[in-house]
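To start, the structure itself, in structure tokens.
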Amino acid sequence: MALFFFSVPPQRPRIEFNGTQVLPGHNLTALHGEVAVIKCVSHYGNPPPVLKWFLDQTEITPTRRQTNTTELDNPRTWLALSVLELTISKENHGRMLRCVAVHESYSTKSSSIDVRLDVMFVPETRLIGIPQEDVEDLKDTVSIRCMVSANPRASVIWRREGQSQPASLQELLQFSPVIRAHSGLYSCIARNKAGESQPVRIQVDVKYAPKIVSIGRDKVKTAMLFSPMSFECMGEGNPPPTYQWLQKLPTPSDMIIERARDSKLYIANVTYDYQGEYRCKVTNIIKGEERIEISEPIILQVHGAPQVLRHTTMPEVFIEKGETAELSMVVCADPRPRVVAWEWGSLRLEAGSERGRFKVDDISQEQREDCYQTTLHIRDASASDSRAYYLAVENDRGTDRHAVQLHVNEPLQMSTLVSLAGGLLLAFLLAICIFIYVIRTEKCCFSRKSAFKPPDVDGQKLDIEKTTTGPGGIPADAIYTTTNTRGHHHGGGSPEAMKVRLAAMVLQPPTRV
């Protein structure tokens, strides 16, 4: 029996995924990271076609071999099946996947089907338009965009930390103009079928100039001398402000003194120096520029005993003889001092009085409240006026006393200078004479000591012996002994004999040790 072989062209191949046929040119949708099992099927060919896979123009070798089985309804034809296991990556999104059936019966020798890879992936977000410098209240605009990369298209939501309602449902978060109430931490989240993105966050920090909220209700404060006093300033701003407490002194130049660099000013020991206007100054820096606000003034008044302002007084005054000395001091007191007097030695001169060369002016009001100046004038001053002069003040609350030292320089007269020069010259000459005398005396003594020799002494002794043995002289042995011929020792002798013995002792040379 003869067998006849019939060549039958197979049907056009088709692609199936997850049990569903994917039509030509349509999308094959899969998740990023998924291992997709994709089938290419060709029916009713004889012989079965050879199936090949391509990703764009690149051939892919499947991990499984092609299987061919006869058709159930037509056993003389074949069912060709190729299975591709493809790891899905978002980098392949939009690429074309093709299955090609190669068969001799096709007019073009092959037939193919193309589908587009539709890769779904969880949204990825990033922010653009983040402010690179300070944004200021009521002056600047904030526009921050949440850029999303996702498939399928994702929805975007902006949320502000601490609030349940969304800040925005668009990619763009915008404030025009921005105000301080917009400050906060914002996060952007994107969602699609593949999932939800990790939130990206941005801190919106709205800067605003400092403002003083409160400095207390009292615009005038009263303190007793040497008692404590405090002030407090409350301010706001972004960045948080720094504080200064400034005191304005009532001087022609309106001198300003910084008393503290804190929101609180505490004075432990109030003196009249602290009396005056106080203002709180708050400062911050925005965009490199200093922003300042200064409070209304608070007046501090001080009551108590008099106080001489030591720091305003020169502790020492120097003048030349014949000039007029002016010694001035400033004293503060509330109530006004009832006694103001200058004292030196046993003398006392009150304000507005005069005595000889000394005069004290009436006290005059200083620019500072409750402060007065008093001046002592000393005409035709001399060296005898050099001393300490004390200012004594008194009011109903107490007393104070302080001194200033006066130095009067009195030049020496010409006659005094000549006398002094003559005395110095005489002393110099006398010193020279004493020096010469001492030198000569030392030389004389040295010469005498050098001329004293034992042989000369022996010669003098011999001469004495010769002289004493002559006619009418003393026997020689009488000089050295008083022993008689009988051997008896006499404890005495005549005065002449004693003189001779003394002479012999003087002439005897000294014993050398």
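The values are calculated or read from the model by the stated rules, or taken from the named source; none is laboratory data. Keep in mind the model is a prediction, meaning the values are calculated, not measured. We place every Cβ from the backbone using ideal geometry, glycine too, and count neighbours over all the protein chains shown. Surface areas here come from the heavy atoms of the whole protein model, side chains and all, with no ligands, DNA or RNA. Shrake-Rupley method; radii C 1.70, N 1.55, O 1.52, S 1.80 Å.
Things to note:
- Enumerated strands (runs of 3 or more DSSP E) restricted to the stretch 183-264, each holding at least 2 residues that are within 30 Å of Ala305 (Cα to Cα) and at pLDDT 95 or above: 220-224, 229-232, 242-248, 256-260
- When the criteria are applied in full, Val122 meets the requirement of being outside any loop (DSSP other than H, G, I, E, B), open to solvent by 40 Å² or more (accessible area, probe 1.4 Å), of a type in the set (A, V, I, L, M) and closer than 30 Å to Gln174 by Cα.
- Any hit, the stretch 6-16, residues being closer than 21 Å to Ser110 by Cβ, at pLDDT 95 or above and aromatic (Phe, Trp, Tyr): no
- Where a residue in the stretch 104-122 is more than 30 Å from Lys90 (Cα to Cα) and its partner, wherever it lies, is assigned to a loop (DSSP other than H, G, I, E, B), with Cβ under 7 Å and at least six apart: Glu104/Ser7; Ser105/Ser7; Ser105/Pro9; Tyr106/Pro9
- Each residue in the stretch 125-135 was checked for being β-branched (Val, Ile, Thr), open to solvent by 40 Å² or more (accessible area, probe 1.4 Å) and outside any loop (DSSP other than H, G, I, E, B), and 1 pass.
- Counting only strands (runs of 3 or more DSSP E) that sit wholly inside the stretch 15-64, those with at least 2 residues that are small (Gly, Ala, Ser) are 35-45.
- Residues satisfying the criterion are absent from the stretch 184-204 (criterion: acidic (Asp, Glu) and either under 20 Å from Glu236 (Cα atoms) or open to solvent by less than 30 Å² (accessible area, probe 1.4 Å) (or both)).
- The lone exception for Gln203 - which of (1) out of contact with any Leu (no Cβ under 7 Å at 6 or more places or on another chain); (2) under 30 Å from Glu293 (Cβ atoms) it fails: (1)
- Being surrounded by fewer than 16 Cβ atoms within 10 Å (Cβ to Cβ) and among the acidic types (Asp, Glu) is a condition met by at least one residue of the stretch 18-35.
- Looking across the stretch 159-175, the residues that are surrounded by 17 or more Cβ atoms within 10 Å (Cβ to Cβ) and within 43 Å of the chain's Cα centre (by Cα) come down to Arg159, Arg160, Ala167, Leu173, Phe175.
- When residues in the stretch 178-224 are screened for being over 21 Å from Phe121 (Cβ atoms) and in contact (Cβ under 8 Å) with a residue 40 or more places away in the chain, 25 of them pass.
- Scanning the stretch 341-391 for residues that are under 30 Å from Gln301 (Cα atoms) and touching a His at 6+ places or on another chain (Cβ under 6 Å) yields one hit, Leu391.
- Segments classed as strands (runs of 3 or more DSSP E), wholly inside the stretch 362-428, with at least 1 members that are open to solvent by 90 Å² or more (accessible area, probe 1.4 Å), under 12 Å from Val331 (Cβ atoms) and charged (D, E, K, R): 398-409
- Test: residue in the stretch 326-334 that is of a type outside the set (Ser, Thr, Tyr), touching a residue at least 40 places away in the same chain (Cβ under 8 Å) and not in a strand (DSSP E or B): no
- Filter result (open to solvent by less than 90 Å² (accessible area, probe 1.4 Å) and among the aliphatic types (A, V, I, L, M)) within the stretch 61-110: Leu79, Ala80, Leu81, Val83, Leu84, Leu86, Ile88, Met96, Leu97, Val100, Ala101, Val102
- Residue that is nearest to Leu225 (Cα to Cα) [pool: residues in the stretch 257-287 that are loosely packed, with under 14 Cβ neighbours inside 10 Å and more than 22 Å from the chain's Cα centre (by Cα)]: Asn269
- Any hit, the stretch 223-232, residues being open to solvent by 40 Å² or more (accessible area, probe 1.4 Å), more than 25 Å from the chain's Cα centre (by Cα) and either within 27 Å of Val135 (Cα to Cα) or among the aliphatic types (A, V, I, L, M) (or both): yes
- Top-ranked residue of the stretch 288-328 - restricted to ones that are under 23 Å from the mean Cα position of the chain (by Cα) and open to solvent by 40 Å² or more (accessible area, probe 1.4 Å), ranked as farthest from Val404 (Cα to Cα): Gly288
- Some residue of the stretch 257-264 being acidic (Asp, Glu), touching a residue at least 12 places away in the same chain (Cβ under 8 Å) and under 27 Å from Asp134 (Cβ atoms): yes
- Residue within the stretch 136-158 that is over 25 Å from Asp118 (Cβ atoms), assigned to a loop (DSSP other than H, G, I, E, B) and open to solvent by 90 Å² or more (accessible area, probe 1.4 Å) present: yes
- Test for Val178: is it open to solvent by less than 50 Å² (accessible area, probe 1.4 Å), within 44 Å of the chain's Cα centre (by Cα) and not charged (D, E, K, R): yes
- Among all residues of the stretch 110-118, there is none that is at pLDDT below 95 and not polar (S, T, N, Q).
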